[in-house]
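Before any comments, here is the structure.
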Amino acid sequence: MELKPRLLITGASGLLGGNLVRHFSSRFSVVGIYHKYRPAIPGVKLIQYDLSSIDACDLDAFEGESPDYVIHCAGEANVDICEQDPNHAERQIFGMTKSVSQLAEKHGAHLIFVSTDAVSDGANEYLREDAIPEPINEYGRAKVRTEEYLLADHDLSMVVRTRFYGINFEKNSSFTEHLLRQFGQGREVTCFTDSFSTQIYVLNLADVLEECMQKRLFGVFNIVEDNKCSRFRYAKLVAKCFGFPEALVVPGSIDDMDFVAPRPPDTSLCNAKIKAVIETRILSAEDGLAVMKRDLKRWR
Ligand SMILES: NC(=O)c1ccc[n+]([C@@H]2O[C@H](COP(=O)([O-])OP(=O)(O)OC[C@H]3O[C@@H](n4cnc5c(N)ncnc54)[C@H](OP(=O)(O)O)[C@@H]3O)[C@@H](O)[C@H]2O)c1
């Protein structure tokens, strides 16, 4: 009998982790770690664990799993919560990743740490991996500290800078689902014309990560689509793809918002480095949304 490679995914109840667990479960022996919310994913081993409370000695909790690969998606993803409580950000981003990296190292597993595109001050477009990161909020600073820790001490680590969109099968709705709900009720949605990013469809990201695992890539990689897009344009693409009037998307400015954490205005990343080493096609927002629409019909 052929043994499947063992893959540990943290954040199994989140947008990214939930999609990855579903995506990989047929070809890998997947273990998903969640914290407060148990995801409803049939046929997958799920372990409840508070990763922020463990230190290296407690890692025996996962001893039986001995993973070949670890994709670490768990963490505090709310930028404003991180700003209000930097110690929480440190625990939930740096501390948790440190523990998970020790677990991966103990098993000689290839670790993929999901970082962020918010590592710069947002003044320059299409940031490359070799540019010096200059984060402007606590979330970005905690991610950069974590990246530096992994790259300095953990040879088996891959740091993935990304931003993704998709359907969250678990507790929270994604931005895309919010748009679809509002459009479905004929409601207008105000979206920023002056906030830019490069994104990737979450299951396209899963395909790219699979190739990265096969190739055992190490170091920092930006994994996003080629072209940056404003929130406003993205919302219009969603409306068009799902057959809603594009006029429901109303222009707004990020300057009108009173966010707790400052937001870099342009977090677009350059994807040339990853594209030079993988064969998986990275989809444009138009193509990614069309695939997402198909996936949605298949799963719901
Ligand atoms: N969303 C984006 O576009 C985006 C962009 C750039 C980077 N990222 C990064 O990508 C990663 C995944 O993002 P996401 O949007 O999927 O996040 P999410 O939906 O907010 O999910 C976060 C996950 O972390 C888990 N978690 C939180 N605290 C934990 C703890 N103490 N112990 C164990 N698990 C814990 C949560 O578990 P419970 O729900 O069970 O408590 C949940 O599964 C994050 O690191 C985020 O910073 C996201």
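The values are calculated or read from the model by the stated rules, or taken from the named source; none is laboratory data. Note that the coordinates shown come from a computational prediction; the quantities given were computed from them, not determined experimentally. Heads up, the Cβs are rebuilt from the backbone with ideal geometry, glycines too, and the neighbour counts pull from every protein chain shown.
Structure notes:
- Of the residues screened, M158 is not one that is surrounded by fewer than 20 Cβ atoms within 10 Å (Cβ to Cβ) and either under 22 Å from Y126 (Cβ atoms) or among the hydrophobic types (A, V, I, L, M, F, W, C) (or both).
- Subset of segment 114-125 that is part of a loop (DSSP other than H, G, I, E, B) and surrounded by 20 or more Cβ atoms within 10 Å (Cβ to Cβ) - its residue that is nearest to the ligand (Cβ to nearest atom): T116
- Those residues of segment 90-113 which are more than 10 Å from the ligand (Cβ to nearest atom) and closer than 21 Å to R163 by Cα, in sequence order: E90, F94, L111, I112
- Enumeration of residues in segment 176-196 that are buried (at least 18 other Cβ atoms within 10 Å of the Cβ) and in contact with a strand residue (DSSP E or B) (Cβ under 7 Å, 6 or more places away or on another chain): T176, L179, V189, C191, F192, S195, F196
The rows are residues; the columns are (1) within 16 Å of the ligand (Cβ to nearest atom); (2) at pLDDT 95 or above; (3) not in a helix (DSSP H, G or I).
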position	(1), (2), (3)
M158	yes, yes, yes
S173	yes, no, yes
T190	no, yes, yes
V220	yes, yes, yes
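- Check on N168, in contact with an Asp or Glu (Cβ under 7 Å, 6 or more places away or on another chain), under 23 Å from K36 (Cα atoms) and touching a residue at least 40 places away in the same chain (Cβ under 8 Å): yes
- Those residues of segment 33-48 which are in a loop (DSSP other than H, G, I, E, B) and near the ligand (Cβ under 6 Å from one of its atoms), in sequence order: H35, K36, Y37
- Hits in segment 18-32 - residues which are closer than 24 Å to Q199 by Cα and either assigned to a strand (DSSP E or B) or within 14 Å of the ligand (Cβ to nearest atom) (or both): G18, N19, L20, V21, R22, H23
- Taking residues in segment 31-44 that are over 19 Å from Y69 (Cβ atoms), and partners anywhere that are within 7 Å of the ligand (Cβ to nearest atom) and among the basic types (K, R), the pairs with Cβ atoms closer than 8 Å and at least 6 places apart or on different chains are Y37/K171.
- Qualifying residue in segment 74-87 (condition: surrounded by fewer than 19 Cβ atoms within 10 Å (Cβ to Cβ), assigned to a loop (DSSP other than H, G, I, E, B) and of a type in the set (A, V, I, L, M)): yes
- Any hit, segment 51-63, residues being assigned to a loop (DSSP other than H, G, I, E, B) and modelled with pLDDT under 95: yes
- Given (1) part of a helix (DSSP H, G or I); (2) within 22 Å of L16 (Cα to Cα), index of the condition Q182 fails: (2)
- Checklist (1) more than 7 Å from the ligand (Cβ to nearest atom); (2) modelled with pLDDT of 90 or more; (3) under 23 Å from K171 (Cα atoms) applied to L15, failing item: (1)
- Residue, nearest to R233 (Cα to Cα), within segment 160-171, restricted to residues that are of a type in the set (D, E, K, R) and part of a loop (DSSP other than H, G, I, E, B): R163
- Among (1) surrounded by fewer than 20 Cβ atoms within 10 Å (Cβ to Cβ); (2) touching an Asp or Glu at 6+ places or on another chain (Cβ under 6 Å); (3) of a type in the set (A, V, I, L, M) - the single one V220 does not satisfy: (1)
- Residue in segment 137-146 that is more than 14 Å from V220 (Cα to Cα) and surrounded by fewer than 24 Cβ atoms within 10 Å (Cβ to Cβ) present: yes
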